[in-house]
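Please read the structure below before turning to the comments.
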Amino acid sequence: MTTILCALAIAAGLQEKVTLRYQPKEGDSVTLNATVTMNLKVKTDGGEQEFQAVNNRLATVEIGAVADGRPTRKTVEYLSDTDEQTAGGRTERRENPLHGKRVTGARKDGKWTFACEEKLDEETLRKAGDDEKFTQLLPGREVAVGESWTLSGDKLSDAWAASGGLEGEMKMTLKDLKEIDGKRCATIAMKWDVKSPKAPDGTQHLLKVDGEIIATLDRGHISIVGRGPMTIRRGEAEVATGTVSYMLVQALQEK
């Protein structure tokens, strides 16, 4: 009888459901540290050339107001937003338009609008909200260990802060629930299979990424580590192949 009761208790624990969604509190201060690295071999008339591109972004987000569990006002300060490219033994570094900028955002009818004291173009301001983009990898509902969910179509584009046209899907599966650094967290396996829209010259990026997401249950802050193959095509021809890796850490600043 004891064995049966233990088995039932274990089964009940495995079926525990938790809500996974981004739900910050008013007054929260959050740091966002993200790095995307591409290592490619680019095909040229003379053979192949190694190419590396690294985007680094460090930002702080102050949550000004929250309604129905979602932020409605926030201020994002981009301490750093840089691209570094290395090819042919030479490295070039540039600061992106959001580097060193402070933007304020307000959500109305589910959409964010952003403003900055310094003049920024519409596309740059649209990207100012991408501190939240990867929180959309969370299902926003109750899930149990072993359960999966996917993003595709418009939701896929939203998660990448893209204007649209992304193909493929991102699949996530809740693997485990455990305590990390004193906080209850979910560990989530992820598989991405994504194609970018084709550029006017026919260029298209294809990538497949496997990795892991860790999300806090209290606020839905996430960290991501992922890596996988990447191919760049122009028409039917492959012009570059290699790997892409992602690292993102979203963390609450303790007061």
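The values are calculated or read from the model by the stated rules, or taken from the named source; none is laboratory data. On a predicted model such as this, the values are computed, not experimentally measured, just so you know. Using ideal geometry, Cβ is built from the backbone for each residue, glycine included, and neighbour counts are taken over all protein chains shown.
Observations on the structure shown:
- As a summary of the residue check, T44 satisfies the conditions (1) under 25 Å from R141 (Cα atoms); (2) loosely packed, with under 15 Cβ neighbours inside 10 Å; (3) among the polar types (S, T, N, Q) except for the one numbered (1).
- Filtered residues of the range 18-71 (kept if among the aliphatic types (A, V, I, L, M), touching a residue at least 60 places away in the same chain (Cβ under 8 Å) and farther than 30 Å from R219 by Cα): M38, L40, V42
- Within the range 142-197, being assigned to a strand (DSSP E or B) and of a type in the set (V, I, T) holds for V143, T150, T173, I180, T187, I188, V194.
- Among the residues listed as V249, V239, V209, the single one being assigned to a strand (DSSP E or B), under 14 Å from the mean Cα position of the chain (by Cα), aliphatic (A, V, I, L, M) and closer than 16 Å to N39 by Cβ: V209
- Neighbours by Cβ (under 7 Å, 6+ apart or cross-chain): first from the range 101-124, under 21 Å from L58 (Cβ atoms) and among the polar types (S, T, N, Q); second surrounded by fewer than 17 Cβ atoms within 10 Å (Cβ to Cβ) and at pLDDT 90 or above: T104/T75; T104/A115
- Hits in the range 122-141 (condition: at pLDDT below 90 and either in contact with a helix residue (DSSP H, G or I) (Cβ under 6 Å, 6 or more places away or on another chain) or not in a helix (DSSP H, G or I) (or both)): A128, G129, D130, D131, E132, K133, Q136
- Residues being surrounded by 17 or more Cβ atoms within 10 Å (Cβ to Cβ) and either within 15 Å of the chain's Cα centre (by Cα) or basic (K, R) (or both) - total across the range 144-157: 3
- Residue match in the range 77-93 (condition: buried (at least 18 other Cβ atoms within 10 Å of the Cβ) and farther than 18 Å from I214 by Cβ): yes
- Candidate set from the range 173-198 (those that are among the aliphatic types (A, V, I, L, M) and surrounded by 17 or more Cβ atoms within 10 Å (Cβ to Cβ)); member that is nearest to the chain's Cα centre (by Cα): M190
- Of the criteria (1) in a loop (DSSP other than H, G, I, E, B); (2) touching a residue at least 60 places away in the same chain (Cβ under 8 Å), which one I232 fails: (1)
- Of the candidates M190, M170, the single residue that is without any contact (Cβ under 8 Å) to a residue 40 or more places away in the chain and more than 30 Å from A87 (Cα to Cα) is M170.
- Total residues in the range 117-138, condition crowded, with 18+ Cβ neighbours inside 10 Å and either over 19 Å from the mean Cα position of the chain (by Cα) or small (G, A, S) (or both): 3
- In this structure, R141 does satisfy being over 16 Å from the mean Cα position of the chain (by Cα) and within 27 Å of W112 (Cα to Cα).
- Looking across the range 193-223, the residues that are of a type in the set (K, R) and more than 14 Å from S245 (Cα to Cα) come down to K195, K198, R219.
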